[in-house]
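Novice: Here's a structure for you.
Every number here is computed from the coordinates shown, using simple stated rules; none is lab data. Only a predicted model underlies this, so the values are computations on that prediction, with no experimental measurement involved. With ideal geometry, Cβ positions are generated from the backbone for all residues, glycine too; neighbour counts draw on all protein chains shown.
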């Protein structure tokens, strides 16, 4: 069994991380999952959360807001719509992301008045976003208008 | 015959024009490098994305309940042409070529009796199409304020497009942009974004034993989540290609202009010298013939 697997984290604007890892914690839409070498091929969508990669040179964390991940025999690829290194996330970034989630939730409430599905989805995204704030010690309350 | 003073003024004015075009060329060269870098940075994402979409489309695409973004509305009566051009001119045939391609397509579709609507991104495209197709323009997206194209700009355009699609305003959407090949060559390109057309995994991949993926939550849900992103991704890469093409076209256009200005200065300088010599000769003749008359 291989000890490491090729891991790529890419956003539309740039490649954020690339290299061998021993395991990656992926915030999947249906719950966190840890992908290790020789994982079965999976494609999963992401929820807002923390992505942690453990490599031979130590571990690293990124905040992702959504996207999807492909796990195959060739490696693990995470395509994040927006992603920042955990250390680079400032309160301003976080407020912006939280604001967007809140806006989407409010919009969903007005657009889909009688359909709980999309509203619940947006509410979940917002809740996930708040949880991210707790995790990286940024205050979700400050983002409120 | 222009006077010496006229010639001198003209030479000065052409010289200052040359300075401007030279400066624009150098600015375009610097911006081109940045635009190319940006386009290159986005490539891994786009490639990977399209690969995954290809796989997904293959497994779901033929199903009866495939999402409308993939399978289409079942009609192709109303076409939306999204014409993406630059906000500024002075870049050779860049804007004109894109507009021309869109015009050809619009005429072709109209000839087939389809309804054509045009959405312009970038001022120059709107200006080029307004006269002949003014009644077809449904909206314009202004990019004047955008200095560096980001994914969010593309996403905003995509969301606008998708809202119109949901609204039933069109059946098929095609984006028009210029693909960057190199500084001299930019290819105006039309690409259909709605319904999405992804290349199915090619035969090589199939022969190599295509991997069977598990999907979380399930294929349908992922596809529904990814298709709108796919539109945004395609628009984003088109915007980046366009950005690089624009700077490339401007660079070569300004290079030509600088060279032309140089040639013109040479020609004018020769004319200036000849005229000066003629004036001197003339004066000498006058003096000599004056002296002889005495």
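Novice: Using Cα pairs under 8 angstrom and six or more residues apart, how large is the relative contact order of segment A:16-145, in percent?
Specialist: Computed over segment A:16-145, the figure is 19 percent.
Novice: Still on this model: Just want to confirm a number: the relative contact order over chain B, from Cα pairs under 8 angstrom separated by 6+ residues, in percent.
Specialist: 32 percent
Novice: Now, a different point. More than 16 angstrom separation, counting every C-alpha pair in segment B:1-105; what % is that?
Specialist: 79 percent
Novice: Which whole number of Å³ per residue matches the convex hull of the alpha-carbon atoms in the protein assembly as shown?
Specialist: Convex hull of Cα atoms, per residue: 227 Å³.
Novice: What's the extension gain from residue B:26 to residue B:169 if we count 0.36 nm per residue and subtract their Cα-Cα distance?
Specialist: Gain in length upon complete extension: 47.1 nm.
Novice: Another question, if that's okay. At q = 0.08, 0.12, 0.13, 0.14 Å⁻¹, what log₁₀ I(q)/I(0) does a Debye calculation on the Cα points of chain B give, no solvent, two decimals?
Specialist: -0.49, -0.85, -0.95, -1.06
Novice: Related question: May I have the pair-distance distribution P(r) for chain A, computed from all Cα-Cα distances with 10 Å bins from 0 and rounded to whole percent?
Specialist: Taking all Cα pairs of chain A, the binned fractions are 12, 40, 31, 14, 3, 0 percent.
Novice: Nearest 500 deg cm²/dmol is fine: what mean residue ellipticity at 222 nm does chain A get from its DSSP H runs of n ≥ 4 alone, each adding -39,500 (n - 2.57), divided by its residue count?
Specialist: About -10000 deg cm²/dmol.
Novice: I've got another one for you. Let me know the shape class of segment A:5-85, please: from the alpha-carbon gyration tensor, a ≥ b ≥ c as square roots of the eigenvalues, rounded when a/c is under 1.5, otherwise prolate if a/b is greater than b/c, or oblate.
Specialist: The shape class here is rounded.
Novice: Do the sum for chain B: with -39,500 (n - 2.57) for every DSSP H run of n ≥ 4, divided by all residues, what is the mean residue ellipticity at 222 nm, to the nearest 500 deg cm²/dmol?
Specialist: Result for chain B, helices only: -22500 deg cm²/dmol.
Novice: I've got another one for you. Work out how much length residue B:283 to residue B:179 would gain on full extension: take 0.36 nm times their residue separation and subtract the Cα-Cα distance, in nm to one decimal.
Specialist: Full-extension gain reported as 31.3 nm.
Novice: Compute the Rg/Rh shape ratio of segment B:105-160: radius of gyration over Kirkwood radius, all on alpha-carbon atoms.
Specialist: Checking Rg against Rh, the ratio lands at 1.05.
Novice: Say each of residue A:73 and residue B:256 gets a label point 7 Å from the Cα, pointing the same way as Cα to Cβ; how far apart are those two points in nm?
Specialist: 5.3 nm
Novice: Roughly speaking, what is the centre-to-centre gap between segment A:61-115 and segment B:224-291 when only Cα atoms are used, to the nearest Å?
Specialist: Each part reduced to its Cα centre gives a spacing of 48 Å.
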